[in-house]
Ligand code: GLU
């Protein structure tokens, strides 16, 4: 048997360090066994998936030095590798389950489902929604079917009993069938859900081992059942521990930058970031901290992954990166630095903002040095401004940060719409409103438009700088935060309305 593993990201945002972590371990496992590793794009959520996000994921994983034997960009014998291009395959498989009686069409409306959930809650029944709950009497079913009412296809799931899932790291995991819904397999728009597409594809792509984040454990019973229904062998499952913030909560962009692009922009070396990800729950037999990818692969043993949540700590990563930097020759350092900061592709988006404002090249760094910086070292006095007292400046930055966190597609128009609407809500002139953002982002207001700066710096870098400014100004204590959140709710609702009307 040839070992085949995969990483299956959904292209719904910036490329996440968690995706790189899972990709690295799948690749290490495949290479260790002389197997293959493939990349599949799980873009069945048509509303949230974007081509830009897919491209950024591919670029970021390549930047890190990861490669795949099959994938949407390199092809392969099991393609297409993008789920949106495999619709017919899923329809065929749904039909097989309908024919064998393991799945059923469900004509229930959203209102009826809400009502059902309410009834269960009121009766304190803690079971999931099952086929028996959804049944319509035969006449009503026929009426809806004849009227061409929208429907979904759901799988049948046992009402009770225990499902045992085998995990390579955790042994047997017991899950209660009573808690598992009659999962939707095919949505009313004809697209499959993650569960169906993932199982069908893993089988057709001949995946033998699935290493994925532990958040998918609760999906495993449904997957196991689907493999049974189809009469297929299930790949071996291995649920990896989730990456955590230093406070042990799940790594999230609200607390820490999670985008690989942020780490690139910060000037981390890809070798060092990959090395650090290899240290997440795993260590070399001799516990050495600095190792290259090939050394990891040569020594890899998935059984040595430890389940205690690995902490992704930027300070530790900086230290490890410094080890890698020290080993460069001066020539290599010079080349790598220029490649990082000064290569034309990176500079080009900046030039239209810089060129009209400078007289000589030496004006560029004072004007736009913040594009080559990480988190600027600032002083509280820099935020002093006639429109603000100490409290209102923190509030403005915090409200602004929350608005920036709400942005799905990061571009200047969206940043502008949200921040200008916020200025209106706070009854501040746009110029005054933007002042603390200029300082947080660029350290000065004599620079290019702060909206352009944010658009170009990207979401994680922009938000990190605003977050760091808030901390510099004393932060927001727990009590203050509660009150602020309450005030913000009203403001946010008004902004949302203004945006959806425009
Ligand atoms: N598309 C899923 C994700 O975004 C894949 C989960 C899996 O590996 O099964 O993580």
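Where a number appears in this text, it was derived from the coordinates with a stated rule and is not lab data. Remember, predicted model here, so these are calculated numbers, not experimental data. Positions of Cβ are generated from backbone atoms using ideal geometry, with glycine treated the same way; all protein chains shown enter the neighbour counts.
Table for the structure above
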quantity: Spin-label model distance (nm) - residue 412 vs residue 290, 7 Å beyond Cα toward Cβ; calculated: 4.2
quantity: Mean separation of Cα contacts under 8 Å, 6 or more apart, over the residue count of the stretch 138-296: relative contact order %; calculated: 17
quantity: Residues residue 178 and residue 117, FRET efficiency given R0 of 25 Å [Cβ-Cβ distance, rounded to 0.05]; calculated: 0.95
quantity: Förster radius 60 Å - calculated FRET efficiency between residue 142 and residue 497, Cβ distance, rounded to 0.05; calculated: 0.90
quantity: Degrees between helix 390-405 axis and first principal axis of the chain (Cα, 0 to 90, nearest 10); calculated: 40
quantity: 37 °C / 0.692 mPa s Stokes-Einstein diffusion coefficient of the chain, Kirkwood radius on C-alpha pairs, µm²/s; calculated: 127
quantity: Relative contact order (%) - criterion: Cα under 8 Å, at least six apart; region: the chain; calculated: 13
quantity: Nearest-0.05 FRET efficiency for residue 327 and residue 170, computed from C-beta distance (R0 45 Å); calculated: 0.75
quantity: Highest-first arrangement of 160-166, 122-128, 11-17, where packing means the average Cβ count within 10 Å; calculated: 11-17, 160-166, 122-128
quantity: Peptides 144-152, 439-447, 187-195 ordered by average Cβ neighbours within 10 Å, highest first; calculated: 439-447, 187-195, 144-152
quantity: The chain - share of DSSP beta bridges that are antiparallel (%, nearest 5); calculated: 55
quantity: Sequence of 45, 487, 139, 460 once ranked by neighbouring C-beta atoms within 10 Å, starting from the fewest; calculated: 139, 487, 45, 460
quantity: P(r), alpha carbons of the stretch 323-401 - 10 Å bins starting at zero, rounded %; calculated: 13, 29, 29, 22, 7, 0
quantity: Euclidean distance of C-alpha centroids, the stretch 230-255 and the stretch 313-379, integer Å; calculated: 33
quantity: Inter-part distance where the stretch 14-48 and the stretch 141-218 are each reduced to a Cα centre, Å; calculated: 20
quantity: Residues of the stretch 205-245 with amide N under 18 Å of the 7 Å Cα→Cβ point at residue 126; calculated: 218
quantity: Net length gained if the chain between residue 345 and residue 306 were fully extended (0.36 nm per residue, minus Cα distance); calculated: 10.0 nm
quantity: P(r) tail fraction, the stretch 1-96 - alpha-carbon pairs more than 15 Å apart, %; calculated: 61
quantity: Cα centroid of the stretch 385-422 to Cα centroid of the stretch 424-502, whole Å; calculated: 2
quantity: Footprinting exposure proxy for 107, 227 (fewest neighbouring C-beta atoms within 10 Å first); calculated: 227, 107
quantity: Estimated [θ] at 222 nm from DSSP helical runs (n ≥ 4, -39500 (n - 2.57)) normalised by residues in the chain, nearest 500; calculated: -14500 deg cm²/dmol
quantity: Nearest-ten-degree value, helix 430-442 long axis tilted from longest Cα axis of the chain; calculated: 90
quantity: Rotationally averaged projected area of the stretch 14-61 (alpha carbon convex hull; nm²); calculated: 3.6
quantity: Between 0 and 90°, nearest 10: helix 412-425 axis offset from the chain longest Cα axis; calculated: 80
quantity: Among beta bridges that DSSP assigns inside the stretch 125-238, antiparallel share in %, nearest 5; calculated: 70
